[in-house]
Amino acid sequence: MKTEIIISGFGGQGVLSMGKILAYSGLMEDKEVTWMPAYGPEQRGGTANVTVIVSDERISSPILSKYDVAIVLNQPSLDKFEPKVKPGGILIYDGYGVMNPPTRKDIKVYRIDAMDKAAEMKNSKVFNMIVLGGLLKVCPVVSTDGLNKALYKSLPERHHNMIPLNMKAVDEGMKIIQEQK
Amino acid sequence: MAEKQVTLMKGNEAIAHAAIRCGADAFFGYPITPQSEIIETLALLKPWETTGMVVLQAESEVAAINMVYGGAGAGKRVFTTSSSPGVALMQEGISYMAGAEIPGVFVDVQRGGPGLGTIQPSQSDYFQATRGGGNGDYYVIVLAPNSVQEMADFVDLAFTLAFKYRNPAMILSDGVIGQMMEKVVLPPIKPRRTEEQIKKECPWATIGRPADREPNILTSLELKPEVMEQRNLHMQEKYELIRENEVRYEATKCDDADYIIVSFGSAARIGEKAVELAREQGIKVGLFRPITLWPFPSKQIVEAAKGKKGILVSEINAGQMIEDVKLAVNGQLPVEHFGRLGGIVPEPEEIVEALKEKFIK
């Protein structure tokens, strides 16, 4: 089993860290992983994206043209990656960041109002963890157990007190993600 | 023995960790995208407090390579890292090191050029790396990692080869391998060599004049042409020895293949996927990956290409390694090229399309 994922949004939305946590979770479950960021000026405000591959077998190319899952958090990302989802694949978008929703009928489309939920939780920083929760609900590439372990492993100890809040955000994400038909 | 610890890190970070663990004595460098994580990681790990390794940010690449010259001249395991335009600045020092037969290691995490070019990945330094790079008749040993694991493994290998042959060795990576994170098992910890060991293993090193021998002089300058020719001939003999003994490569799915993709470094990873995709479409393709770019695995390519219909050289440049492939197969079968330029990294599908367009139609 191999899942090829693209995560894309504005710089600062936590796209790269979401990918990193996903990759670490894969590591915790003894899977093969690669994390390939766009490392240009995107980090400073433009559209940032990261490719994460989680696999039971050896991973060949870290660079892909088609994805099993696309997580798009703004309109330019949706426009760029909707055509690149494999037929039968999954597209997840944030309702707040996208004006023109996806139109393809040969893929599964999910909407997650993570921006609204983060505002409700009064913590914009957990936005990406809500999205990650949504992903794990509709495509369980890793378990929440693995994710929890990954947070302890990848975050510096001074931030460990924030992990329960982040796991709560993951739970919320799992609840609010909705399939669009 | 304890289970080997698997960690997740960037190729750049792996270089820094591996260098400390394999007993490097010093790093001199100057930051440049896409490899600045190397010096950042070294600064974070503070090896001067543990192994005693020196980490110094020089005022420029030119200064850094000359610090490497000095440190390595004393028999120390010294390295520097940079990206394409920075490596271009270092070429004078590398040529001097080759001429004085000083064994340093340098890492090039390539970005697109010419000039300042772009910060995005490229493989357009193949010529710069494999043709010496600076002035004079010389070569540097060039290793091309295709994974974070090989970034970690090749640091010690580069030092070992550099000291074995008293010659600079280079790790030719690129922005893809430098920036991506993968699982890696870091190499075992080796202590730094003691002064006694250096004295024994590097009798040529300038470590202060012991009473029992004449002074060692390390220089690339020799004004008597007769002597200079002899020195050059000695270096050529050494290069021949390296060609005979140090070729490294990997051939995958070549046996039953009709076509062979030849790629190195990150392009070989993309090529591996192209092979999978092509085989799904019923096209029998194999992958040949030179691991040493100099010495180039010419004989091995000829062997792998026997009876095949064609070779597609896929590189992230306008066609550089293809020259070595063509020289190797010497017209025995068609050799075509595919590449993307300017910081664009080719997608696996593009390679399959190129293969079809050029050979199958």
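A short reminder: the numbers here are calculations on the coordinates, not readings from a lab. On a predicted model such as this, the values are computed, not experimentally measured, just so you know. All Cβ positions, glycine included, derive from the backbone under ideal geometry; neighbour counts span all protein chains shown.
Results, tabulated for the structure shown:
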{"read-out": "Of the DSSP H helices in chain B, those whose Cα atoms cover at least 20 Å axially and whose Kyte score averages -1.0 or more", "value": "B:84-100, B:148-165, B:265-280"}
{"read-out": "Length-normalised contact order of the range B:6-195 in % [C-alpha pairs under 8 Å, at least 6 apart]", "value": "31 percent"}
{"read-out": "Candidates A:Ala70, A:Ala118, A:Ala169: whichever shows maximal mean-square fluctuation once chain A is modelled as a Gaussian network with Cα springs under 10 Å", "value": "A:Ala118"}
{"read-out": "Contour excess over end-to-end distance, with Cα ends at B:Gln230 and B:Arg213 and 0.36 nm allotted per residue", "value": "3.8 nm"}
{"read-out": "Among beta bridges that DSSP assigns inside the range B:6-195, antiparallel share in %, nearest 5", "value": "25 percent"}
{"read-out": "Segment B:Phe127-B:Glu196, length gained on full extension (0.36 nm per residue, minus Cα span)", "value": "20.9 nm"}
{"read-out": "Estimated FRET transfer efficiency when R0 is 35 angstrom, pair B:Asp255-B:Val6 (beta carbons, to 0.05)", "value": "0.65"}
{"read-out": "Using a Förster distance of 60 Å, the FRET efficiency for A:Glu32-B:Asp137 (Cβ separation, nearest 0.05)", "value": "0.85"}
{"read-out": "The range B:166-178 - phi-based ³J(HN,Hα) in whole Hz, Karplus 6.51/-1.76/1.60, Gly and Pro as x", "value": "6, 8, x, 10, 10, 9, 9, 10, 7, x, 5, 5, x"}
{"read-out": "Rounded Å value of the spacing that divides the Cα centres of the range B:78-143 and the range B:179-223", "value": "21 Å"}
{"read-out": "Inverse mean reciprocal Cα-Cα distance (Kirkwood Rh) of the protein assembly as shown, Å", "value": "24.8 Å"}
{"read-out": "Under the Debye formula (equal points on every Cα, no solvent term), log10 I(q)/I(0) of chain A at q = 0.09, 0.11, 0.19, 0.20 Å⁻¹", "value": "-0.27, -0.41, -1.36, -1.52"}
{"read-out": "Label-point separation, A:Gln178 to B:Lys164 (7 Å along Cα→Cβ), nm", "value": "6.5 nm"}
{"read-out": "Estimated 222 nm signal from helices in chain B, with DSSP H stretches of n ≥ 4 weighted -39500 (n - 2.57), rounded to 500", "value": "-12500 deg cm²/dmol"}
{"read-out": "FRET efficiency, 1/(1 + (r/R0)^6) with R0 22 Å, evaluated for B:Lys358 and A:Ser65 via beta carbons", "value": "0.70"}
{"read-out": "Centre separation in Å (Cα based) which lies between the range B:283-348 and the range A:24-91", "value": "29 Å"}
{"read-out": "GNM result for chain B, Cα springs below 10 Å: residue of B:Pro210, B:Pro188, B:Pro121 fluctuating most strongly", "value": "B:Pro210"}
{"read-out": "Contact order normalised by residue count of the range B:250-360, Cα under 8 Å, 6+ apart, percent", "value": "29 percent"}
{"read-out": "Antiparallel DSSP beta bridges within the range B:250-360, percent to nearest 5", "value": "20 percent"}
{"read-out": "Flagged links, alpha-carbon separation over 28 Å, of B:Lys46/B:Lys273; B:Lys306/B:Lys361; B:Lys183/B:Lys253; A:Lys66/A:Lys137; A:Lys108/B:Lys273", "value": "B:Lys46/B:Lys273"}
{"read-out": "Sequence-separation-based contact order of the range A:2-180, relative, with Cα cut under 8 Å and 6+ spacing, percent", "value": "23 percent"}
{"read-out": "Contour minus Cα-Cα distance for A:Lys86 and A:Lys168 (0.36 nm per residue)", "value": "26.4 nm"}
{"read-out": "Shape call, the range B:250-360: gyration tensor on alpha carbons, a/c limit 1.5", "value": "rounded"}
{"read-out": "Chain B - share of DSSP beta bridges that are antiparallel (%, nearest 5)", "value": "30 percent"}
{"read-out": "Span from the the range B:1-66 Cα centroid across to the the range B:226-250 one, whole angstrom", "value": "30 Å"}
{"read-out": "Distance between modelled label sites at B:Lys46 and B:Glu280, nm, 7 Å Cα→Cβ extension", "value": "5.0 nm"}
{"read-out": "Cα-centre dipole for the range B:305-361 with unit charges at Cβ (Lys and Arg positive, Asp and Glu negative), debye to 20", "value": "360 debye"}
{"read-out": "Size of charge dipole - the range A:2-180 - debye, nearest 20, with Cβ of Lys, Arg +1 and Asp, Glu -1, no other charges", "value": "180 debye"}
